[in-house]
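Some notes on the structure that comes next.
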Amino acid sequence: MRQRAPIFVLFAFVGCGGSGAGFTQGHPPARQPPANAVGGFTIQLPETSLMPGDEVQPCYIFPLDLQGPSHIVGGATLNATPGLHHGNITTRPKTGDGIRKCSDADQAGGSEANDILMGGAVLFGSSTQFVGEEWQSFPAGMGYRIKDGYEIVARMHYLNATSAPLTVAPSYQWYTIDEAALQQELAPFIWEYKNFSIPAGATVTVTGDCSFPYSDHQMHLVNVLPHMHKLGIEFDAGVVGGPLDGQAFLKSPGYDPDKGVLTQFDPAIDLSAVTGVKFSCTWRNTLGQTVGEGVGNNEMCMMFGYAYPPSAAYSALATNDACLMSTP
């Protein structure tokens, strides 16, 4: 069964890989701080106890306690304890002092996108159900900018899929790089497919087919993170138009809690000569029920990443009827 989205363009923001011929080979980021590191900041999530089968989505606000002279983040590391399904870590203008729980409004749908629209940064997105150290270390001379007067919002998703109680307490560390060494400033993007349905026992692929709204665009992909749940078996991405029409630059399992699915390209994937992109998710539904979009036993189809220049970090929102593509 295949669901495909025809091309339709409108301004909107959503909030281990291989490659096809003609594109650089994707690989996991280096497991070390970025070149020219000069400082950084950290957060430690409070302990949360989970009984077997428990699923919760806690949210905390932290001060952004920046150490060192730089505001350019060149990498980060997550210490993911068992029970971390994933986390979305952003910054936004400061609303208070100290470590505290989020309000209901902070956790409403689209909150991460609102943070970015207010000038915030995306600090980290993690591989689903990964346990251990997950690194994000951009190529030398690359990083994204953070601002003074901002705070950190950690929207977490915990799931105890084991038969024993767990205590979940992930921690994060970010590394800033010498601003004089910055060659390419990065910005976040997300490609997402919504409103899909996976019947019981079926293998389903959905494909977003998206055109850039302008022919003169310069999007270069540096770092990508597919996000699917346990029924996911493949996440593919490639290009439409130009000299490499139809070529893939990512072929990922989409879900791999043992190795993670964070993929980096060095040199970056140059999309400036293509007219659009395609991305697809494939699931095998081994459950005795129809699966849709969401948490729990449901699924997701999205790819988060960083690109340059910031003005060309195009996001995409695809459904069976349309694909909406734009910059933040």
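The values are calculated or read from the model by the stated rules, or taken from the named source; none is laboratory data. Nothing here was measured: the structure is a model prediction, and the numbers come from that model. Note that each Cβ is placed from the backbone with ideal geometry, even for glycine, and that neighbours are counted across all protein chains shown.
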>> Restricting to the stretch 131-155, count the residues that are among the hydrophobic types (A, V, I, L, M, F, W, C), part of a strand (DSSP E or B) and farther than 11 Å from G120 by Cβ.
In response: 3
> Is there a residue in the stretch 112-130 that is modelled with pLDDT of 90 or more, assigned by TED's automatic domain parsing to the domain that holds T42 and within 15 Å of G260 (Cα to Cα)?
Replying inline: yes
> Which ranges mark the strands (runs of 3 or more DSSP E) fully within the stretch 27-102 that have 1 or more residues being within 21 Å of the chain's Cα centre (by Cα)?
Replying inline: 37-44, 59-63, 72-80, 84-93
> Regarding G260, is this residue within 16 Å of V222 (Cα to Cα) and not β-branched (V, I, T)?
Replying inline: no
> Among (1) of a type outside the set (K, R); (2) at pLDDT below 95; (3) closer than 14 Å to G208 by Cβ; (4) surrounded by 20 or more Cβ atoms within 10 Å (Cβ to Cβ), where does C281 come up short?
Replying inline: (2)
> Filter the stretch 177-214 for residues that are among the aliphatic types (A, V, I, L, M) and outside any strand (DSSP E or B); which is nearest to T282 (Cα to Cα)?
Replying inline: A202
> If you go through the stretch 67-89 one residue at a time, how many are touching a helix residue (DSSP H, G or I) at 6+ places or on another chain (Cβ under 8 Å) and either among the basic types (K, R) or modelled with pLDDT under 95 (or both)?
Replying inline: 1
> Quick one: is Y193 more than 22 Å from the chain's Cα centre (by Cα) and over 30 Å from M51 (Cβ atoms)?
Replying inline: no
>> Can you list residue pairs whose Cβ atoms sit under 6 Å apart, with the first residue in the stretch 134-160 being within 12 Å of Q57 (Cα to Cα) and outside the structural domain of I99 (by TED's automatic domain parsing) and the second being of a type in the set (S, T, Y) and in a loop (DSSP other than H, G, I, E, B)? Count only pairs 6 or more apart in sequence or on different chains.
In response: none
> Which pairs have Cβ atoms under 7 Å, sit 6 or more apart or on different chains, and link a residue in the stretch 225-249 that is in the same structural domain as S197 (by TED's automatic domain parsing) to one that is surrounded by fewer than 18 Cβ atoms within 10 Å (Cβ to Cβ) and of a type in the set (S, T, Y)?
Replying inline: L231/T286; V240/T275; G241/T275; G242/T275
> Out of all the residues in the stretch 232-271, which are aromatic (F, W, Y) and outside any strand (DSSP E or B)?
Replying inline: Y255
>> Restricting to the stretch 156-176, and then to whatever is aliphatic (A, V, I, L, M), part of a strand (DSSP E or B) and more than 22 Å from G120 (Cα to Cα), can you tell me which residue is modelled with the lowest pLDDT?
In response: L159
> Which of the residues that make up the stretch 161-184 are surrounded by 15 or more Cβ atoms within 10 Å (Cβ to Cβ) and within 19 Å of the chain's Cα centre (by Cα)?
Replying inline: P170, Y172, Q173, W174, Y175
> Can you name the residue in the stretch 193-223 that is surrounded by fewer than 21 Cβ atoms within 10 Å (Cβ to Cβ) and either hydroxyl-bearing (S, T, Y) or touching a His at 6+ places or on another chain (Cβ under 9 Å) (or both) and, of all such residues, is nearest to N298 (Cα to Cα)?
Replying inline: S197
